[in-house]
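Visitor: Let me give you the structure first, and then I'll get to my questions.
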Amino acid sequence: MTRLSKTAVLAAIGAASLMLSGASASAAIACSADVCWHVHEHYSYPGRAHIVIHEDNWRPRGHITFREHEGRGYWRGRSWVEW
């Protein structure tokens with residue numbers, strides 16, 4: 001295998017890897033009352049949390065506050081609840 005063909009094969013593998021990783025990435029907007037945040041994982045939130053999940057292209061109607069937080073959990077008022 002020549003150096004040029006090895007480079008072409010490696011480039012094709014790299015491009016395929018990037019396409020697959022981009023296709024599996026998902027995002028959404030989770031809301032609890034008038035507080036929303038971006039999520040990258042789809043969790044099964046506890047029923048008592050009253051979380052509504054929207055697609056990433058969702059646009060709110062009315063006053064919504066966006067707060068971001070890392071990790072698994074949800075906003076309850078001004079507090080982040082982890083589980």
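The values are calculated or read from the model by the stated rules, or taken from the named source; none is laboratory data. This one's a predicted model, so the numbers in the text were calculated from it and none came from an experiment. Positions of Cβ are backbone-derived with ideal geometry, glycine not excepted, and every protein chain shown enters the neighbour counts.
Visitor: Within the range 53-67, work out how many residues are part of a strand (DSSP E or B) and among the acidic types (Asp, Glu).
Guide: Final tally of qualifying residues: 1.
Visitor: Read through the list (1) modelled with pLDDT of 90 or more; (2) on the phi > 0 side of the Ramachandran plot; (3) in contact with a Ser or Thr (Cβ under 9 Å, 6 or more places away or on another chain), then give the number of the only condition that residue 45 fails.
Guide: Residue 45 satisfies every listed condition except (2).
Visitor: β-branched (Val, Ile, Thr) and either surrounded by fewer than 11 Cβ atoms within 10 Å (Cβ to Cβ) or at pLDDT below 90 (or both) - does that describe any residue in the range 10-27?
Guide: yes
Visitor: From the set of residues in the range 69-83 that are under 16 Å from the mean Cα position of the chain (by Cα) and exposed (fewer than 10 other Cβ atoms within 10 Å of the Cβ), which is farthest from residue 37 (Cα to Cα)?
Guide: The residue in question is 71.
Visitor: How many residues does the range 36-68 contain that are β-branched (Val, Ile, Thr), closer than 17 Å to residue 26 by Cβ and either in contact (Cβ under 8 Å) with a residue 24 or more places away in the chain or surrounded by fewer than 10 Cβ atoms within 10 Å (Cβ to Cβ) (or both)?
Guide: Number satisfying all stated conditions: 1.
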